Amino acid sequence: MVSRTPLPHTAVPENEMANRVMRKVAMRLIPFLGLAYFLNYIDRTNISFAKLTMSEDLGLTETMYGLASGLFFVGYILLEVPSNLALHKFGARRWIARILVSWGLIAALMAFVPNATWLNIARVALGIAEAGFFPGIMLYLTFWFPRAVRVRLVGVFMVALPLSSALGAPISGAIIQYWHGLFGLEGWRVMFLVEGVPTVLLGIAAWFYLTDRPRDAKWLSSEERTWLDRSIEAEQSKTEKTGHVSVRESLRNSTVWLLGLTYFGIGYGLFAISFFLPTIVAGFAQQFDTTFSIAENGFIVAVPFLIASISMILWTRRSDRLEERMWHLIAPVALATVSVPIAMYMNSPFLTMAVITVTAVGIFSALPIFWYLPTTFLTGAGAAAGIALVNTIGASAGLAAPYLTGWLLDTTGSSKAGLWVVGGFMAMAVALLFVVRRRLAATTGDKAVV
């Protein structure tokens, strides 16, 4: 059985072996998977920068743009659970490679959409291709990392999420502004093309690079493979004694659904900011009589996400060091809940971005700790189905948030109403977390969630 003491802030039985194996596995998997997640979020959200010039070219209103952004999640939601079950059956190497290649091709082909209808079709197809990627990675990490170190290492992996916006925003803005006319294409079309191709190449590399399970890892010694395999199996056996491990039980489990609704609230804030922050910054011209170029917009949008990247790493390390999860999850979500609605009531661009930065810090700091919770009571195929279901319910916020935010922007002419709705859904997430905390404390015996 693996101890829950942290390493190198951490320690597990057979310290020297544990440290060596975890270091090897982390160095092998986390950078590669982090890069894939980095490209994933860029290809999913770069439409927010394309909008700045694409809307005029394709004749999009704010509502039409919100619909196109959200349609990504239609196919994503429908195929999330089947895709994760396929990963469990066929192996991560094959399935993650398939996902990367197919979504990269569609992301690049979005450069050639002629009108709003084809943009909508492309967004649905992108969601179908990408379905199962994130919950698949969450499941895959449980094959390799004991629970004691998982939050910290998931945090390192998930830092690719805010970094994709921190780095992707200025890159996307610069491509649109300075590469306009390349290949005879508008700047936003060049951006889709240039940012889609690396994903295809990474998918091809995944086929040769990834390893399905510790027992197959030729890059570990025989002794290291045996230790890791036994450690993970012992931990999963302990979970199975109290957990719901079958697919059917996972899909019907009320705690899984509560986690999904909680993730919906957190995700609503994440998607609203990700898809509309460039629009909010562009709105400073009318609100504060301050104008920025598309490239400058990208650098401004990057700031909240860059700071959130740093906070995510520090906060997850603290959670592992103190061996505490729930309050490390509730506190940042509550912080984001309070801060997000007041952003539009600030009297300068600087103060507005400062408050939005606080919101981003709260949302992103919560995410890695949230994904610790399903693994406390789900294993095997049940974990594949349960984790996918939680992500599916949460991902439906990606359909609702862009469309509703865009409609409110069209209807009211202001971002304020949309951000109040964000705050409302995040408040729901905080309330649900207290219910989840009570459930998990009663059923798992995991002191970290008490």
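The values are calculated or read from the model by the stated rules, or taken from the named source; none is laboratory data. Predicted model only: the values in this text are computed from it and were never measured. Here Cβ is always computed from backbone atoms with ideal geometry, including for glycine, and neighbour counts include all displayed protein chains. To get the accessible areas, we keep the full protein, side chains included, count just its heavy atoms, and leave off ligands, DNA and RNA. Shrake-Rupley method; radii C 1.70, N 1.55, O 1.52, S 1.80 Å.
Flag set for residue 114, criterion: out of contact with any Asp or Glu (no Cβ under 7 Å at 6 or more places or on another chain) and open to solvent by 10 Å² or more (accessible area, probe 1.4 Å).
Give the residues of the range 328-352 that are within 14 Å of residue 284 (Cα to Cα), open to solvent by less than 20 Å² (accessible area, probe 1.4 Å) and not small (Gly, Ala, Ser), sorted by residue number. The answer is 344, 352. Just one of the listed residues (380, 406) is on the phi > 0 side of the Ramachandran plot and touching an Asp or Glu at 6+ places or on another chain (Cβ under 9 Å), and it is 380. Which residues, counting only those in the range 41-61, are assigned to a loop (DSSP other than H, G, I, E, B) and polar (S, T, N, Q)? Result: 46, 61. Taken over the range 357-380, the criterion of being within 21 Å of residue 148 (Cα to Cα), in a helix (DSSP H, G or I) and not polar (S, T, N, Q) is satisfied by 364, 366, 367, 368, 369, 370, 374, 380.
If you take the residues of the range 402-437 that are of a type in the set (Ser, Thr, Tyr) and assigned to a helix (DSSP H, G or I), which of them is least open to solvent (accessible area, probe 1.4 Å)? Ranking the qualifying residues of the range 402-437, first place goes to 405. Looking across 65, 76, one residue alone is assigned to a helix (DSSP H, G or I), more than 21 Å from residue 251 (Cα to Cα), in contact (Cβ under 8 Å) with a residue 40 or more places away in the chain and of a type in the set (Ser, Thr, Tyr). It is 65.
Would you be able to say whether some residue in the range 347-356 is in contact with a helix residue (DSSP H, G or I) (Cβ under 8 Å, 6 or more places away or on another chain), in a helix (DSSP H, G or I) and under 19 Å from residue 153 (Cα atoms)?
Within the range 347-356, none of the residues are in contact with a helix residue (DSSP H, G or I) (Cβ under 8 Å, 6 or more places away or on another chain), in a helix (DSSP H, G or I) and under 19 Å from residue 153 (Cα atoms).
Every condition in (1) in contact with a helix residue (DSSP H, G or I) (Cβ under 9 Å, 6 or more places away or on another chain); (2) open to solvent by 60 Å² or more (accessible area, probe 1.4 Å); (3) at pLDDT 90 or above is met by residue 192 except one, and the failing one is (2). Got a number for residues in the range 193-214 being of a type in the set (Phe, Trp, Tyr) and in contact (Cβ under 8 Å) with a residue 24 or more places away in the chain? Total satisfying the criteria: 2. The number of residues in the range 38-62 being over 15 Å from residue 176 (Cβ atoms) and either open to solvent by 10 Å² or more (accessible area, probe 1.4 Å) or free of Cβ contacts under 8 Å to residues at least 60 places away in the same chain (or both) comes to 7. Exactly one residue among 325, 318 is open to solvent by less than 60 Å² (accessible area, probe 1.4 Å), farther than 21 Å from residue 418 by Cα and of a type in the set (Lys, Arg), and that residue is 325. Please work out if residue 145 is among the hydrophobic types (A, V, I, L, M, F, W, C) and under 24 Å from residue 397 (Cα atoms). Judged against the criteria, residue 145 is not a match. Exactly one residue out of 306, 277 is in contact (Cβ under 8 Å) with a residue 60 or more places away in the chain, open to solvent by 20 Å² or more (accessible area, probe 1.4 Å) and in a helix (DSSP H, G or I): that is 306. Note on the range 438-450: residues that are open to solvent by 30 Å² or more (accessible area, probe 1.4 Å), touching a helix residue (DSSP H, G or I) at 6+ places or on another chain (Cβ under 7 Å) and of a type in the set (D, E, K, R) amount to 1.
Let's see how each residue does on (1) part of a helix (DSSP H, G or I); (2) open to solvent by less than 50 Å² (accessible area, probe 1.4 Å); (3) of a type in the set (A, V, I, L, M); (4) modelled with pLDDT of 90 or more:
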residue: 200; (1), (2), (3), (4): yes, yes, yes, yes
residue: 208; (1), (2), (3), (4): yes, no, no, yes
residue: 231; (1), (2), (3), (4): yes, yes, no, no
residue: 248; (1), (2), (3), (4): yes, no, no, no
residue: 266; (1), (2), (3), (4): yes, yes, yes, yes
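Within the range 402-419, identify whether any single residue is out of contact with any Cys (no Cβ under 9 Å at 6 or more places or on another chain) and closer than 17 Å to residue 367 by Cβ, and answer yes or no. No, because not a single residue in the range 402-419 is out of contact with any Cys (no Cβ under 9 Å at 6 or more places or on another chain) and closer than 17 Å to residue 367 by Cβ.
All of 18, 11 fail the test of being out of contact with any Pro (no Cβ under 7 Å at 6 or more places or on another chain) and at pLDDT below 80, apart from 11.
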